[in-house]
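Down below is the structure, laid out as structure tokens.
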Amino acid sequence: MMIHTEGIKKAFGTVEVLKGIDLDVAKGELVSIVGASGAGKTTLLQILGTLSRPDAGEIIIDGVRTDKMSEKKLSEFRNRKIGFVFQFHHLLPEFNALENVMIPAFIAGRDKKECEAEGRRLLDILGMSHRIAHKPTELSGGEQQRVAIARALINNSAVVLADEPSGNLDSQNKAELHKLLFDLRDSLGQTMVIVTHDEELADMADRKIIMRDGLIIE
């Protein structure tokens with residue numbers, strides 16, 4: 001299993017957001033997570049991404065238990081093993097597409113020439129080779145999301161976690177992004193967990209997980 005969780009609980013004050021989540025995701029599997037607002041989807045994604053710690057439970061990602069790691073080790077693990085794609089792309093406006101993609105690789109201490117070559121390769125795969133010198137304000141929403149996906153993949157991430165990745169796109173860009181995610185799964189064997197309200201995307205996944213009131217119900 002690429003991801004294994006057991007008994008994950010999380011509360012904010014007196015509000016119990018996750019009430020005991022058991023979840024397994026196989027390597028190369030694309031899983032969607034759906035449910036009403038407040039079901040706990042984003043909290044679960046943040047915990048899987050080591051951005052938030054559970055109050056109880058066990059998390060193993062790519063064979064490594066993360067819930068007991070120190071903050072320093074957790075930060076290093078997150079940078080090397082987990083890629084993130086958000087609804088709002090979070091690209092840095094002062095950097096061009098290639099530079100934005102390379103940032104996680106620089107943080108990991110990789111060689112600049114190696115980072116640049118890998119960044120160019122990924123942008124080419126994503127159909128963005130002609131836009132590498134453009135800054136985010138010069139790119140469409142769909143193009144910005146492609147740059148964000150390349151950034152998520154630059155360190156050969158074991159897992160890509162996406163939170164409403166097509167939520168800010170028009171219908172054409174949305175359809176293109178959905179196809180792209182599955183093409184990446186097929187060509188790179190990428191493991192992905194996607195939180196979405198988009199039923200079309202959710203139904204395309206290898207497996208759809210439904211959450212309600214802090215629990216997986218299906």
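The values are calculated or read from the model by the stated rules, or taken from the named source; none is laboratory data. It should be emphasised that the depicted structure is a prediction, and the values quoted were computed from it without experimental measurement. Cβ sites come from the backbone with ideal geometry, for glycine too, and all protein chains shown count toward neighbours. Note: accessible area is taken over every heavy atom of the protein model, side chains too, but ligands, DNA and RNA are not part of it. Shrake-Rupley method; radii C 1.70, N 1.55, O 1.52, S 1.80 Å.
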Self-check item: Spacing of the two label points (7 Å from each Cα toward its C-beta) at His4 and Leu188, in nm
Solution: 2.6
Quiz item: Rounded to the nearest 20 Debye, what is the dipole magnitude of the range 62-155 about its Cα centre when Lys and Arg each give +1 and Asp and Glu each give -1 at the C-beta?
Solution: 300
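About its Cα centre, how strong a charge dipole does the chain have in debye, to the nearest 20, once Lys and Arg get +1 and Asp and Glu get -1 at the Cβ? Intermediate results must be reported in sequence, preceding the final value.
Values: 28 positive and 33 negative charges, 134 e Å.
Once rounded to the nearest 20, the dipole reads 640 debye.
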Quiz item: Using a 1.4 Å probe on the protein chains only, how many percent of the accessible area of the chain belongs to carbon and sulfur?
Solution: 50
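Take every DSSP beta bridge with both residues inside the chain and express the antiparallel ones as a percent of the total, to the nearest 5. The partial results should precede the final answer.
On the way: 17 of 35 bridges.
The answer is about 50 percent antiparallel.
Between beta-carbons, use under 13 Å as the cut-off and find the net charge around Pro93, counting Lys and Arg +1, Asp and Glu -1.
Numbers: positive: Lys135; negative: Glu94, Glu99, Glu138.
Summing Lys and Arg as +1 and Asp and Glu as -1 gives -2.
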Quiz item: Using a Gaussian network for the chain with springs between C-alpha atoms less than 10 Å apart, which of these wobbles most: Ala162, Ala148, Ala26?
Solution: Ala26
Exercise. Using the structure shown, list the pairs from Lys68/Lys174; Lys68/Lys208; Lys72/Lys179; Lys41/Lys179; Lys72/Lys174; Lys19/Lys72 with a Cα-Cα distance above 26 Å, or answer none.
Key: Lys68/Lys174; Lys68/Lys208; Lys72/Lys179; Lys72/Lys174; Lys19/Lys72
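Once a ≥ b ≥ c are taken as the square roots of the eigenvalues of the Cα gyration tensor of the range 25-71, is the result rounded (a/c under 1.5), prolate (a/b larger than b/c) or oblate (a/b not larger than b/c)? Present the calculation step by step, with values, prior to reporting the outcome.
Numbers: a/c = 2.59, a/b = 1.23, b/c = 2.11.
Oblate.
Given the DSSP H assignment, sum -39500 (n - 2.57) over each helix run of at least 4 residues in the chain and divide by its residue total; what's the result at 222 nm in deg cm²/dmol, nearest 500?
-11500 deg cm²/dmol
In Å², what does the accessible area per residue of the chain work out to with a 1.4 Å probe? If you can, show how the numbers build up before the last one.
Details: 10250 Å² over 218 residues.
With the other protein chains kept in place, the chain gives 47 Å² per residue.
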Quiz item: Any idea which of Leu98, Gly28, Gln145 is furthest toward the positive side of the dipole for the chain, if Lys and Arg beta-carbons carry +1 and Asp and Glu beta-carbons -1?
Solution: Leu98
Quiz prompt | Extension reserve of the Lys135-Glu94 stretch, reckoned as 0.36 nm per residue once the Cα distance is removed | solution = 14.1 nm
Practice problem: Would you rank Arg212, Arg151 by solvent-accessible area, highest first, keeping every protein chain in place and using a 1.4 Å probe? | Solution: Arg212, Arg151
Quiz item: What is the dipole size for the range 1-66, taken about its Cα centre, with +1 at each Lys and Arg Cβ and -1 at each Asp and Glu Cβ, in debye to the nearest 20?
Solution: 200
Quiz item: Excluding ligands and nucleic acids, what accessible area in Å² is computed for Leu188 using a 1.4 Å probe, to the nearest 10?
Solution: 70
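Run the numbers on the chain and let me know its relative contact order in percent, using alpha-carbon pairs under 8 Å that are six or more apart. Don't skip to the end; give the middle numbers.
Numbers: 419 pairs, mean separation 69.5, N = 218.
So the answer I get is 32 percent.
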Quiz item: With springs only between Cα atoms under 10 Å, which of Ile149, Ile107, Ile132 fluctuates most in a Gaussian network model of the chain?
Solution: Ile107
Practice problem: Could you give the spread of the C-alpha atoms of the chain along their three principal axes, from largest to smallest, in whole angstroms? | Solution: 48, 39, 32
Quiz prompt | Per-residue HN-Hα couplings for the range 21-27 [Karplus 6.51, -1.76, 1.60; θ = phi - 60°; Hz; x = Gly/Pro] | solution = 9, 10, 8, 10, 10, 7, 4
Quiz prompt | Heavy atoms of Val64: accessible area, 1.4 Å probe, square angstrom to 10 | solution = 50
